[in-house]
Structure formats: C-alpha cells, structure tokens
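All remarks here apply to the structure that follows.
The values are calculated or read from the model by the stated rules, or taken from the named source; none is laboratory data. Fair warning: this is a prediction, and the values are worked out from it, not measured in the lab. No Cβ is skipped: glycine too gets one built from the backbone with ideal geometry, and neighbour counts run over all protein chains shown.
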Amino acid sequence: MANIIKAWKKFISTGKLEPGAVRSEIADSWRRCYAAGVNPWDGTSHQILDSQQVEELCRQHQDLIDIAHPFMSRLYKFVAGSRFIVILADERGYIMDILGDDDTLDNASQLNLIVGSGWMEEKVGTNGVGTALKLQRPMQISGPEHYCHNVHNWTCSAAPIFNDNGQIISVLQLSGPSREAHLHTLGMVVAAAEAISDQIRIKRQNRELIILNNRLLDIFQTVSDGAIIINKRAMITHVNPIAEQIIGRQLLGHSITEFFEPSRQISELLSKSSSFADVELQAFGARGFFYCLVSGKPIKDSDGKSDGAVIFFNPIHKVKNLANRFSGAEASFRFSDIMGKSPEIRAAIQVAAKAAANNSNVLICGESGTGKEIFAQAIHNASPLREGPFIALNCAALPRELIASELFGYVEGAFTGAKRGGRPGKFEMAAGGTLFLDEIGDMPLDQQATLLRVLQEKKVTRLGGDKIIPVDARVICATNKNLQEEISKNNFRQDLYYRLNVILVEVPPLRERPVDIAPLFDYLLEKISKRLNTPINFIEPGIKECLQQYNWPGNVRELENVVEKMVNMASNQTLHFENLPAEIAVLQTESTRNGKSFVSPCNNDGSEPAGITALLDERQKLIDLLACHNGNISRVAKEFGVSRNTIYRKLSFYNISREQSFD
C-alpha cells in the first residue's frame with residue numbers, strides 16, 4: 001500500500017506515473033480523473049438528487065430494485081457486523097438502494113454515500129461504482145487506489161448488472177474498511193450481480209409466458225371453433241364455450257372417446273404425435289349424433305415429447321354454410337327483382353310469396369327462360385331459411401351416373417375417381433337452407449326413387465357408405481315439362497310428383513303478358529348498356545311495339561339476348577330497326593301490310609307518315625327516285641334530304657331491294 005500511496009502523491013502533484021507503480025486499470029482511471037479536474041483531496045459526492053428526483057429514480061427502477069433487494073440482503077448477511085454496506089446504483093451511477101451496519105451507514109453519509117447521490121468517476125474520482133461503469137466490468141478499488149484522499153480508508157468491490165442485450169442497467173457494490181479487503185469479496189459481488197441478471201431474465205420470461213398464456217387463453221376461449229385440450233390418456237382437461245355449446249354436454253374430466261367415434265386419426269394423434277386436419281368424424285351430443293369437421297395437433301414439452309393434444313371441431317353444416325357463402329352459393333334475387341305488372345305475373349308472385357312463409361316443398365312450372373330460378377331464389381330470401389345456403393343443381397346438365405353422387409355425396413373409394421376423404425352431396429351442403437333442383441323432369445327414374453325416400457325420411461346415405469346423415473334442407477323444384485304427361489309416359493314417378501307438388505307456382509310465358517315486355521325491355525336495356533359501357537340515348541319509334549308482337553319462344557332469356565345484341569350493334573347511341581334480329585324485324589313489315597297504324601322510324605325530324613296512305617306514298621316515291629337515279633343511293637338521299645343510312649333503313653322498312661329493276 002505504501003508504494004501506491006507514494007505513486008498517488010507523485011501523480012496528483014506532477015500528473016506522472018512510474019510504469020508498474022499501480023495496476024493499469026487504476027492508472028488509466030487516475031489519468032481520466034486528472035484530465036477531468038477532479039479534486040484529489042475531496043472524495044465526497046456533490047451530485048445529489050432532490051427528494052422528487054429520488055422518488056422518480058426509484059419508480060423507474062422499481063422492478064430492478066425489487067429483484068435485487070433480496071440478493072443484497074443475502075449478501076449483507078455474509079458481511080453483517082464487519083462494517084460493510086451493500087449498494088445498488090443505476091446505469092449512470094446514482095445510488096438507488098443501500099444496506100449496512102448503522103455506524104458504517106453514518107460514516108458513508110459523511111461522504112454523501114446515500115440514496116440519490118451520484119458516484120460517477122469523472123465527478124468523485126476512481127471508485128467502485130464509477131470505474132466499473134466506465135470499464136463495463138467488475139472492479140475492486142482498495143485504499144489509496146481511490147483517486148480522492150477522503151475514501152482511501154474504504155474498499156469497494158463493484159460488478160455491473162447486464163440485461164439480455166448486454167447493456168448495463170445497474171451496478172452492485174460491496175464497500176467497507178480498506179483493511180478488510182479480500183479478493184473473494186469481489187467474487188461474491190460478481191456472483192450476486194449475475195444472479196440478479198438471471199432473475200431479471202427469468203422474471204421477464206415469466207412475464208412474457210404469462211402474457212402469451214393469457215393471449216392463448218383468450219384465443220382458446222373466443223375462437224369460433226369448438227376447442228378441446230386432452231392429456232396423454234385422452235382425458236379432456238380444457239374446453240372452450242363453443243365446444244360445450246356444440247356438444248351440449250359436460251366435457252371436462254371425460255374421455256374424448258365419449259364424444260367422438262373411434263378413429264385412427266385421434267389414436268395416432270396421441271400415440272404417434274401425428275397431426276391431422278379437416279377429417280369428418282361423427283360426434284355424439286345432447287341431441288344425438290352429427291358430423292363434425294375435426295383437426296388435431298399434438299402438444300409437446302421442451303424435450304419434444306407428446307404431452308397431449310388440442311382438437312378443433314365444428315359441425316359440418318356450419319363449415320359448409322361458410323363455404324357456401326364464399327363460393328357464391330347464395331340467393332341474390334328477391335320478389336322486388338321480378339319485373340312485371342301484368343295480372344299473370346302478379347298472381348305467380350302472390351302464390352310464391354305465400355310459399356315463402358313456410359318450409360313446404362314447392363314446384364315451379366314454366367317454359368324455359370321464364371325465370372323459374374329467380375322465383376326459387378326469391379322464395380328462399382323471403383323464407384325463415386334465408387340465412388342458410390341456397391344450393392342449385394340442374395338435373396338435366398349432369399350425366400345420370402353423376403346425379404346420385406352430386407345429390408347424396410360419396411365416401412372415399414365409392415367408385416373409380418372418388419375424391420380422397422369423400423365428398424358431401426347437395427343435400428348436406430344445403431343443410432339449414434334451400435336445395436333447388438332445376439329441370440326435375442329430366443331426373444332418371446332410379447334416382448327419383450332415392451330422392452323420394454330422402455324427402456320422406458329427411459336422411460341421406462352417401463354412395464358407398466353406411467352412415468345415415470340427417471338433412472334439414474327445404475326442396476324447391478322446377479321444370480319446363482308437363483309432369484302429368486311425363487307420368488302417363490312412365491317417365492316420372494307419380495308418388496314423387498305428389499311429394500314435390502305441395503305448392504305449385506306457375507310462371508307465365510312472356511307472350512301471355514305482352515304488357516310486361518316494354519318495362520322489361522327498358523330494365524334490361526339500362527342494365528346491359530351500363531355493363532357494356534354503351535349508353536343508348538334514343539330508340540327509334542315503333543321498336544317496342546314490334547317487340548310486343550313477337551311470340552318470344554325463349555321468353556325473358558331470349559328478350560335479354562335480343563337487347564344485348566341490339567346494344568352491341570347500336571350506332572350513334574341509337575337503337576335502329578336494323579339492330580333487331582330478322583325474325584323480329586320482319587314483323588315490322590307485316591304490321592304495315594296488315595294496315596295497322598305503325599310508327600315509322602325513318603324520318604330524321606321525328607315526323608310520322610299519316611297512316612297507310614302516307615306510307616304507300618313514301619314507298620312509291622322511293623321506288624321512283626331509285627328508278628330515276630338507277631339505284632344510286634347518294635342521289636336518292638340528296639333528293640329526300642336525308643342521310644344514306646336513312647335510305648337504307650327505308651329500303652329495309654318497305655322491303656325494297658336495290659337489285660330490282662326500276663324500269
């Protein structure tokens with residue numbers, strides 16, 4: 001120590017040190033203190049926080065203080081009675097907590113070694129807290145190794161406390177009389193500092209685990225699927241509210257096998273930790289058995305060993321309803337979408353609206369293109385089943401071999417090409433909603449018998465399977481055939497007809513309600529012109545009257561096609577007679593020949609030839625001018641004072657050919 005005191009005195013006087021006079025760490029610290037202008041005869045902290053600042057300091061580091069204090073107490077027990085004190089400082093060097101013998105604490109207070117005082121090296125010279133912070137490693141400073149004379153009778157062993165990112169968050173120090181300095185003192189402090197760091201990490205990890213566990217628990221409790229956790233013995237240990245709601249029975253403490261049929265998937269989930277997803281299993285609930293879509297995943301411990309499993313499930317009809325929603329299996333039309341004011345269409349709507357009020361089977365009859373599916377969708381959307389799916393199947397569009405699999409589904413391996421895992425049929429997909437069977441008159445006789453049994457028993461069995469599946473779908477059928485005639489021809493079962501024909505809705509053909517043609521035309525024109533981005537601002541007079549005389553064998557579907565064709569062929573945002581299909585345009589000439597008052601579409605000024613006489617006069621004038629100008633359309637148009645296109649339309653209107661002789 002004498003050599004160190006001699007070196008210290010020389011240094012504070014000259015600022016110079018003999019090589020090897022003191023440890024290199026001490027020498028470097030003295031030089032930093034000398035450069036910072038630290039008073040070597042002081043050694044008292046003058047960086048004192050006020051009471052409010054101390055309160056804020058402790059508040060910000062309360063978790064750290066709480067964790068460190070038990071370790072400080074244990075460390076103090078080893079040195080109690082030996083005039084040592086234990087100090088905890090923050091990352092800047094301000095003391096946050098201090099423990100020790102009363103007389104030692106009194107001596108320390110004379111140096112302002114108290115809570116709220118700062119012990120930075122650049123302020124109070126070489127010391128345990130300040131130098132350990134500066135070097136970022138444990139340090140022991142004893143006696144005259146301190147830069148300031150007033151602390152030469154102290155020994156300080158300090159060790160930084162690091163967080164997980166390697167940053168210093170605090171310093172732990174053990175201080176006492178310099179004559180009691182031992183190397184093992186520093187070792188004790190280092191061990192305590194590392195224990196505090198470990199405890200901080202453990203507490204953080206525990207906090208994260210608690211947060212994660214709470215989040216997982218929230219997810220487990222609020223997930224839309226039923227969720228069950230089972231242990232290695234298949235006993236249910238946790239269950240969420242949805243699972244209890246689906247099953248309708250007490251689940252906790254029972255075996256999973258009490259609620260689901262024995263299956264290879266669940267067995268291997270526990271025995272081999274094999275996950276599975278979207279497996280259809282039979283479940284047993286308070287209201288009997290039903291089918292669920294089930295997924296399972298093993299729960300493993302830190303060693304990778306299985307410690308049970310979590311199982312998610314949902315009644316298959318809920319899954320199908322969700323799939324139907326996103327696959328477009330929904331009804332979009334309502335009764336308000338059915339155009340027409342004629343007594344015939346209003347009567348059909350009235351019957352259909354009454355049918356919507358209950359779940360009885362409905363038979364919709366009408367020619368092709370009359371809108372039978374629109375009626376079916378409107379009935380569904382006005383019924384108590386409106387929230388369920390609307391599943392449509394065209395019986396005429398499928399080969400007879402596929403109708404059964406489409407309607408009733410099949411199990412895996414039922415036939416060559418059967419999908420792995422099987423597939424539910426339309427009856428199952430329509431559970432809780434409506435099944436619309438279009439063109440029912442084209443269903444093969446053998447399938448009619450199966451359909452009749454399903455309608456009677458409200459149960460289906462998939463092709464190749466033996467499990468009976470309850471179905472609760474409402475059935476609406478449609479046909480363009482006379483089913484009674486089909487019965488007489490032995491093409492349709494009479495008993496099925498009576499089962500289907502509970503409520504009969506007859507959709508009238510378009511020719512029987514000509515009063516609806518004009519408003520339908522206007523509606524379709526507006527819809528199609530918007531879709532094709534082709535605005536129509538003018539319709540030649542007489543076109544609607546011409547449409548009303550047509551027979552419309554294709555009904556509304558044909559009218560829609562005609563309107564789309566006219567919009568595509570329109571010019572100058574105008575619908576002309578030549579845009580009409582030939583089979584409809586010919587009616588214009590026939591009406592003229594029959595002497596009917598018919599509006600001519602030809603005059604650009606909007607005037608009309610007055611009756612048949614005026615029409616005949618104009619026709620003759622056109623013939624005369626063509627003869628005069630040898631069929632030159634340009635000259636004829638100039639004589640008429642109209643465009644060439646108008647002359648062409650007049651030629652079509654009056655059934656005049658340019659090739660005929662005008663002699």
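In summary, ASP106 fulfils each of the numbered conditions (1) under 20 Å from HIS46 (Cβ atoms); (2) modelled with pLDDT under 95; (3) touching a strand residue (DSSP E or B) at 6+ places or on another chain (Cβ under 8 Å); (4) not hydroxyl-bearing (Ser, Thr, Tyr) with the single exception of condition (3). The residues of the stretch 374-425 that are charged (D, E, K, R) and out of contact with any Pro (no Cβ under 8 Å at 6 or more places or on another chain), listed by number, are ARG386, GLU387, GLU401, GLU406, GLU412, LYS419, ARG420, ARG423. Looking only at the stretch 79-88, residues that are at pLDDT 90 or above, in contact with a helix residue (DSSP H, G or I) (Cβ under 6 Å, 6 or more places away or on another chain) and part of a loop (DSSP other than H, G, I, E, B) come to 0 in all. Selection of the stretch 520-570 for residues being touching a residue at least 60 places away in the same chain (Cβ under 8 Å) and polar (S, T, N, Q) yields only ASN555. Restricting attention to the stretch 354-404, the residues that are among the acidic types (Asp, Glu) and under 25 Å from TYR498 (Cβ atoms) total 2.
When restricted to residues that are within 26 Å of the chain's Cα centre (by Cα) and either assigned to a loop (DSSP other than H, G, I, E, B) or among the aromatic types (Phe, Trp, Tyr) (or both), the stretch 233-247 contains 1. Just one of the listed residues (ILE48, ILE26, ILE12, ILE67) is under 60 Å from the mean Cα position of the chain (by Cα) and over 27 Å from ASP103 (Cβ atoms), and it is ILE67. Could you say whether any residue in the stretch 386-397 is among the aromatic types (Phe, Trp, Tyr), within 20 Å of PHE290 (Cα to Cα) and buried (at least 19 other Cβ atoms within 10 Å of the Cβ)? No, the stretch 386-397 has no match at all.
The helices (runs of 4 or more DSSP H) found wholly in the stretch 89-141 and carrying at least 2 residues that are crowded, with 24+ Cβ neighbours inside 10 Å occupy 128-135. Taking the listed residues VAL642, VAL599, the one that is of a type in the set (A, V, I, L, M) and modelled with pLDDT of 60 or more is VAL642, with no other qualifying.
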